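Chemist: This is the structure I have questions about; it appears just below.
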Amino acid sequence: MRRFTSVSLYGLLCVLLIAAAQGQWIDAYVQIIIMFIGINIILSTSLNLINGYMGEFSVGHAGFMAVGAYITSVLNVWFFTSSKVFGPPLLTPSSAVYLFPVTLLLGGVGAALVGLLVAVPSFRTRGDYLAIITLAVNYIVKSSIENIQAIGGARGFMGMQNTVNSMKESWNLPWALVWVLVMVGATIWTIYRFVNSTYGKGIIAVRDDEIAAEIMSVDTQRMKLVAFMLSSGLAGIAGGLFAHVLGYINPGTFTIMKSTEVLVMVYLGGMGSLSGSVLSAIALTLVLELFRPLQVAKWVVVPLLLILLMLFRPEGFLGHRELSDVFPRLRRWFSPQERQS
Amino acid sequence: MSLLEIRNMTRFFGGLRAVYDFNLRLEGGELLGLIGPNGAGKTTVFNLVSGFYEPSDGEILFEGKNTAGLRPHQVTGLGMARTFQNIRLWNSLTVFDNLCISQHYHLGYGLWDTVLKTHAYRQSEQRVKKTADRLLETLGLSHYAREYPKNLPYGLQRRLEIGRALSLQPKLLLLDEPAAGMNPGEVEDLIELIRWIRKEFKVTIWLIEHHMRVVMSVCEQIKVLDFGETIGEGTPEQIKKNRRVIQAYLGDEEPIHDA
């Protein structure tokens, strides 16, 4: 019953946070920070699937985030709000509260399909070459959005706040926070289950020795497809949430700068470590927030952190280990390595 | 229907003729050796058979099924598993996981089953783990289940790699130089192991080997390759006396002044 404890602990945390937000015990600023932490957890754990567990080097995670953000936002503005671009709402605004998860997932599906742009080339190429492809995909996505005038082009897209508000009208809850917490839980669960199953460990086999994996009956192309699509799909969901937390998105947000931020989280936490990614997403979001007064200098300090990290602890805080390997007592609460036999 | 039939298999790498007109018929139950000087094309033959390379010409039939166009994991799934000349274990996964993941082809569940922990997932995981456990025990590796392969002594790494191939319950086992880099003691263990595996798992074994002590004492039939061409076949006794084989290994007996 060990794993029940970690799930119920997380549930308890969610209830507490939602209650705190509802009761105005934590102000809007703190709520936003919590939501950004959640979004960053989804981004870093999903990127870790590729860069850590599968050992490829993807530097275009923000591109998939952008796809999800735009698909979800456009659908929500189109369906549930009256806007200058799409006119009156297609559905009643009150249905937003039920259909929001659907549009969120559709954003994820869209991002997963764009993930094919990386997954298919990965059959033939890997390492540095694939990294350049991911970079290219990031730029393709950003430039495409900049050139679609119907959704605002480079000026950006807004109106998502209305959807969040209409959800709030039907049911008075901090909906953005609720969905961030649900999706963080779902993401960690999915990745945890995946990398602890014999099926999912196939991607670790691909990292260790791809030829041996293929000859020992692992369908390497399929595993790459699954890993890339799962990772980019989750990034898309994170993007959809991001858009609804901010209420405004523009293509300039989803550049290599954003991808780098996620990369730093993955490498800070440690490759192939789920708990490491979660911890570093929390830590780095807080650090970046503390450095906000530094403004542009923030982008000197953060890369500097990366240089120091690579010099003194290249494997990250928890490289290929989980928190419970470092502190075995934590096994009482959760067990990243499933008990074998 | 024979287990494996290879007809006129040929492979070119650019202008290099790596394997030429290779023919073979295994009915099942044999223990065949493939020998030849360095660069004769032995490993290329294995790479062709396991689907890693596509033959330039000729065909490979496994239990009557043509393997042309199949990807290596599919060929393996048909029931033939192999080991590598240089050990290729997954070093960041435990010994136990190495034996589980190799059964990937027979898992029969996908991403959603792992997320939702479906019945298919539980059953399959249980079956896979049972097979791995049993193999660990029969190969005497139970003690190392949680260890990483790179920490194992060389002989045990070989043993594990053979075990990984056996976890697929193959009908045909291809061993690429299993004795490479072993000390004499380990070689004796290996000879025992190969004989025992054959009896225990009732598997047809085809091995490439440089170590004559292994080939001559274990194999019933031997095929000799040189420059991609088959220059001899027969029992170990016949091979030892085969003139072309001796020539290929040791050179001509006649002095070369008249050349």
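Chemist: Can you compute the helix-only [θ] at 222 nm over chain B? Use -39500 (n - 2.57) per DSSP H run of at least 4 residues, normalise by all residues, nearest 500 deg cm²/dmol.
Modeler: -11500 deg cm²/dmol
Chemist: I've got another one for you. Evaluate the distance, in nm, between pseudo-label points positioned 7 Å from the Cα of B:Q238 and of B:N86 along their respective Cα→Cβ axes.
Modeler: Going from the B:Q238 label point to the B:N86 one covers 3.6 nm.
Chemist: Still on this model: If you consider only alpha-carbon coordinates, what radius of gyration and Dmax does region A:99-224 have, in Å?
Modeler: 19.3, 57
Chemist: How charged is the neighbourhood of B:V128? Take every other residue with its Cβ under 12 Å from the Cβ of B:V128, and add Lys/Arg as +1 and Asp/Glu as -1.
Modeler: +3
Chemist: Going 7 Å from the Cα of B:F12 along its beta-carbon direction, which residues of region B:199-243 have the amide nitrogen within less than 18 Å of the resulting point?
Modeler: B:227-229
Chemist: So, counting K/R as plus one and D/E as minus one, what does the shell of residues with Cβ under 13 Å around A:R155 add up to?
Modeler: Around A:R155, the surrounding residues sum to 0.
Chemist: Out of A:Y248, A:Y139, A:Y129, any idea which swings most in a Gaussian network model of chain A, alpha carbons joined below 10 Å?
Modeler: Between A:Y248, A:Y139, A:Y129, it is A:Y129 that shows the largest mean-square fluctuation.
Chemist: If one computes the Cα centroid of region B:57-114 and of region B:210-248, what distance in Å separates the two points?
Modeler: Using only Cα atoms, the two centres lie 29 Å from each other.
Chemist: Please work out the Kirkwood hydrodynamic radius for region A:2-332, using every pair of different C-alpha atoms, and report it in angstroms with one decimal place.
Modeler: For region A:2-332, the Kirkwood estimate is 20.3 Å.
Chemist: If we count every other residue with Cβ under 12 angstrom of A:A96's Cβ, Lys/Arg +1 and Asp/Glu -1, where does the sum land?
Modeler: Details: positive: A:K168; negative: A:E169.
Its environment carries a net charge of 0.
Chemist: Taking a quarter of the surface of the convex hull around the Cα atoms of chain B, what do you get in nm²?
Modeler: Approximately 16.4 nm², given one-decimal rounding.
Chemist: Give the peptides B:9-16, A:173-180 in descending order of average Cβ contacts within 10 Å, highest first.
Modeler: Highest mean packing first, the order is A:173-180, B:9-16.
Chemist: For region B:206-250, which GluC sites (Glu not before Pro) are both in a DSSP coil and crowded by at most 14 other Cβ atoms within 10 Å?
Modeler: Details: sites: B:E209, B:E220, B:E229, B:E233, B:E237; in loops: B:E209, B:E220.
Loop-located and lightly packed - B:E220.
Chemist: Ignore the peptide's own chain and count Cβ atoms of other chains within 10 Å of each Cβ in B:68-74; give me the average, rounded.
Modeler: 4
Chemist: For region B:1-54, how big is Rg over Rh, using alpha carbon atoms and the Kirkwood form of Rh?
Modeler: 0.97
Chemist: Need one number: nm distance between label points at A:I132 and A:F312, each 7 Å from Cα along Cα→Cβ, rounded to one decimal.
Modeler: 3.5 nm
Chemist: Along each of the three principal axes of the Cα atoms of region A:267-318, give the extent in whole Å, ordering the values from largest to smallest.
Modeler: 32, 22, 10
Chemist: Along the three principal axes, how long is region A:162-281 when you take its alpha carbons, biggest first, rounded to the nearest angstrom?
Modeler: 57, 30, 25
Chemist: Here is a follow-up. Quantify how strongly other chains surround peptide B:8-17 by giving the mean number of their Cβ atoms within 10 Å of each of its Cβ atoms.
Modeler: 0
Chemist: May I ask which residue of B:F201, B:L174, B:T118 lies farthest towards the positive end of the charge dipole of region B:116-234, with charges of +1 (Lys, Arg) and -1 (Asp, Glu) on Cβ and the Cα centre as origin?
Modeler: B:T118
Chemist: With a 10 Å cut-off between alpha carbons and a GNM built on chain A, which of A:Q22, A:Q161, A:Q295 moves the most?
Modeler: Comparing A:Q22, A:Q161, A:Q295 in a Gaussian network model of chain A, the most mobile one is A:Q295.
Chemist: Once you have the Cα-Cα distance between A:L286 and A:V30, take 0.36 nm times their residue separation minus that, and quote the gain in nm to one decimal.
Modeler: 91.1 nm
Chemist: Next up: I'd like to know which of A:L246, A:L288, A:I204 lies farthest towards the positive end of the charge dipole of region A:185-300, counting +1 on Cβ of Lys and Arg and -1 on Cβ of Asp and Glu.
Modeler: Final value for the positive-end residue is A:L246.
Chemist: Using a simple charge model, +1 on the beta-carbon of Lys and Arg, -1 on the beta-carbon of Asp and Glu, nothing else, what dipole does the protein assembly as shown show about its Cα centre, in debye to the nearest 20?
Modeler: The dipole magnitude comes to about 1840 debye.
Chemist: May I ask for the Kirkwood hydrodynamic radius of the protein assembly as shown, worked out over all distinct Cα pairs and given in angstroms to one decimal?
Modeler: Working: mean 1/r = 0.0371 Å⁻¹.
About 27.0 Å for the protein assembly as shown.
Chemist: What spacing in nm lies between the two simple spin-label points modelled at A:W299 and A:V102, each 7 Å away from Cα in the Cβ direction?
Modeler: 4.0 nm
Chemist: Per residue, what volume in Å³ does the Cα convex hull of region A:1-145 take up?
Modeler: Residue-normalised Cα hull volume stands at 164 Å³.
Chemist: In sequence order, what are the phi-derived ³J(HN,Hα) couplings for region B:119-134 according to the Karplus relation 6.51 cos²θ - 1.76 cosθ + 1.60 with θ = phi - 60°, rounded to whole Hz, with x for glycine and proline?
Modeler: So the J values, rounded to whole Hz, are 4, 4, 4, 4, 4, 5, 4, 4, 5, 4, 5, 5, 4, 5, 4, 4.
Chemist: Connecting C-alpha atoms closer than 10 Å in a GNM of chain A, tell me which of A:L263, A:L306, A:L16 has the biggest fluctuation.
Modeler: Taking springs between Cα atoms under 10 Å, the residue moving most is A:L16.
Chemist: What is the calculated FRET efficiency for A:Y248 to B:S56, with r their C-beta to C-beta distance and R₀ = 56 Å, to the nearest 0.05?
Modeler: The computed FRET efficiency comes out at 0.40.
Chemist: Over all directions, the average projected area of the alpha-carbon convex hull for region A:208-277 comes to how many nm²?
Modeler: For region A:208-277, averaging the hull's shadow over all directions gives 6.2 nm².
None of the figures in this text is laboratory data; all of them are computed from the coordinates on show. Just so we're clear, the structure is a prediction, and the values are computed from it rather than from any experiment. Neighbour counts run over all protein chains shown; Cβ positions are idealised from the backbone, glycine included.
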